[in-house]
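The numbers here are math on the coordinates, done by the rules we state, and not lab data. Since we're looking at a predicted model, the values are computed, not measured. Here the Cβ is made from the backbone with ideal geometry for all residues, glycine too, and neighbour counts use every protein chain on show.
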Amino acid sequence: MTDQPIKKSIVFSGIQPTGNLTLGNYLGAIKNWVQHQEAFENLFCVVDLHAITLRQNPAELRKRSLEVAAIYLASGINPKESAIFLQSHVPEHTQLSWILTCNSYMGELSRMTQYKTKSQNKEGEAIEAGLFTYPILMAADILLYQTEFVPVGQDQVQHVELTRDLALRFNNAYSPTFTIPKALLPKAGAKIMDLSDPMKKMSKSSDNPNSFIRIMDPPEDIKRKISRSVTDSLGVVAYSPEQPGIMNLLDIMAAISNRAPEELAKEYQHCGYKAFKEACAQTIIDELAPVQQRVNTLLTKERGELEEILAKGAQKAHFMAQKTLRKVYKKVGLIPPLG
Ligand code: TYM
């Protein structure tokens, strides 16, 4: 018997610093990261290079990148357990991305739902090539760290599947190089729906501000948005696909309180939608208030510490990423740089 510490599996995930992060990002991704944090070795990235797939206002992008990192920390990501960093600070992401691009097919990229939706919205306009190749950069993010688990919401599962295909293809062509990653979905909250149209996913890029709750929304906005959320005329709180609006609110409450949505439905069954919505809004407010306070401190008084955490995170990520990239260079016939 040796006393060697058991190596923890690696977790990688990221969020784009575009728009305002929503309750969907919080419940579908961040809260799940925090819950599994101690069991894994974690890398949580602010994927700023993904953000520039669509043109951003530069000052706004810089501000949002720091805000997203602050949200990770404020939500409970512990920088001692997890590396938090900006994607653009670790150049291996783009380097591996190019090599994977040369091993990807146009057909598989054009089948990505996100690409199809976003390019359909741009019919008749020029479509940026980055929109098409974007899942390859995501695959590079994941594969660089020999990641085993990728905690994401439902909408990113297809991209993780593509990552698996690319990794398997590379391993078969050159010899085992990459760990084959798996998506890790939260028990509740994998798909938080739009408050105005509960058949659509809640999205930070929606034009209708009443359709989503921002992590940084003040309590009055949360109350207003939940009270106006679209439900139905049945009048009984039930966890049923016939009541997608109510189902969504129950999913939100379940994800926050770690309870089963069916059990919550029983509890609120006869209380009427108004009281149910008030309880739902209060659950969200109580969850987000401490996060908001901490974000504000990190972005003002503790900004120096925040930048320091990002620098340390990037250093650790760079160290791990270099190892994989050198292996990949050798396998495809490139000469790794000395040192
Ligand atoms: P992004 O920035 O769109 O979303 C970040 C995370 O939030 C989840 N999410 C949701 N979960 C539940 N309900 C919703 N309504 C909802 N909306 C968003 C997403 O599933 C995601 O987990 N391509 C990725 C970012 C990325 C990444 C990666 C993720 C780049 N590289 C590597 C994992 C690993 C994206 O655009 O996520």
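Can you pull out the trypsin sites (Lys or Arg not before Pro) in region 1-46 that DSSP calls coil and that have at most 12 other Cβ atoms within 10 Å?
Loop-located and lightly packed - 7.
Given 0.36 nm per residue, what is the gain on full extension from residue 60 to residue 171 after removing their alpha carbon distance, in nm?
Working: separation 111, 0.36 × 111 = 39.96 nm, distance 3.97 nm.
Full extension of this stretch gives 36.0 nm more.
Say each of residue 113 and residue 266 gets a label point 7 Å from the Cα, pointing the same way as Cα to Cβ; how far apart are those two points in nm?
So the label points at residue 113 and residue 266 sit 3.2 nm apart.
Any idea what angle helix 58-74 forms with the longest principal axis of the chain, computed on alpha-carbon atoms, 0 to 90 degrees, nearest 10?
So the inclination is approximately 80 degrees.
Want the number for residue 315 to residue 81: 0.36 nm per residue separation, take away the alpha-carbon distance, what's left?
Numbers: separation 234, 0.36 × 234 = 84.24 nm, distance 1.45 nm.
Stretched fully, the residue 315-residue 81 segment lengthens by 82.8 nm.
Where Rh denotes the Kirkwood radius from the mean inverse Cα pair distance, what is Rg over Rh for region 293-339?
1.32
Could I have the simple spin-label model distance between residue 327 and residue 216, label points 7 Å from Cα toward Cβ, reported in nm to one decimal?
In this crude label model, residue 327 to residue 216 measures out at 3.9 nm.
Running a GNM on the chain with Cα contacts under 10 Å, which residue among 197, 217, 48 ends up with the highest mean-square fluctuation?
197
Just to verify a number: FRET efficiency for residue 286 and residue 6, C-beta to C-beta distance, R0 = 45 Å, to 0.05? Don't jump to the answer; show the numbers that get you there.
Numbers: r = 37 Å, r/R0 = 0.81.
Taking R0 as 45 Å, the efficiency between residue 286 and residue 6 is 0.80.
Give the Kirkwood hydrodynamic radius (Å, one decimal) of region 4-49, defined as one over the mean of 1/r across all pairs of different Cα atoms. Could the numbers behind the result be given before it?
On the way: mean 1/r = 0.0846 Å⁻¹.
The Cα-based Kirkwood calculation yields 11.8 Å.
Given H placed 1.01 Å from N in the peptide plane, which residues other than close sequence neighbours of residue 201 have an amide H under 5 Å from its amide H?
Under 5 Å from the amide H of residue 201 lie the amide H atoms of 194, each far enough along the sequence or on another chain.
Using 0.36 nm per residue of separation minus the Cα-Cα distance, give me the extension gain between residue 200 and residue 103 in nm, one decimal.
Additional length available on full extension: 31.6 nm.
Tell me the chymotrypsin sites (Phe, Trp or Tyr not before Pro) within region 14-107 that lie in a loop according to DSSP and have at most 12 other beta-carbon atoms within 10 Å. List each step's numbers first, then the result.
On the way: sites: 26, 33, 40, 44, 72, 85, 98, 105; in loops: 40, 105.
Those that pass, being in a loop and sparsely packed, are 105.
Using only Cα positions of the chain, each an equal point scatterer, no hydration layer, compute I(q)/I(0) via Debye at q = 0.09, 0.10, 0.11 Å⁻¹ and quote the log10 values to two decimals.
Ignoring solvent entirely, the Cα scatterers give -0.51, -0.63, -0.76.
Out of residues 5 or more away from residue 182 or on other chains, whose amide H comes under 5 Å of its own, with H placed 1.01 Å from N in the peptide plane?
Amide H neighbours of residue 182: 149, 150.
For residue 312, which lysines qualify as cross-link partners when the Cα separation must be under 30 Å and same-chain residues fewer than eight apart are set aside?
Counting by Cα, and skipping residues close in sequence, residue 312 has these lysines nearby: 7, 8, 31, 63, 80, 182, 204, 301, 323, 327, 330, 331.
Excluding residue 128 itself, calculate the net charge of residues whose Cβ lies under 12 Å from the Cβ of residue 128, where each Lys or Arg counts +1 and each Asp or Glu counts -1.
Numbers: positive: 55, 118, 122; negative: 125.
Net local charge, residue 128 excluded: +2.
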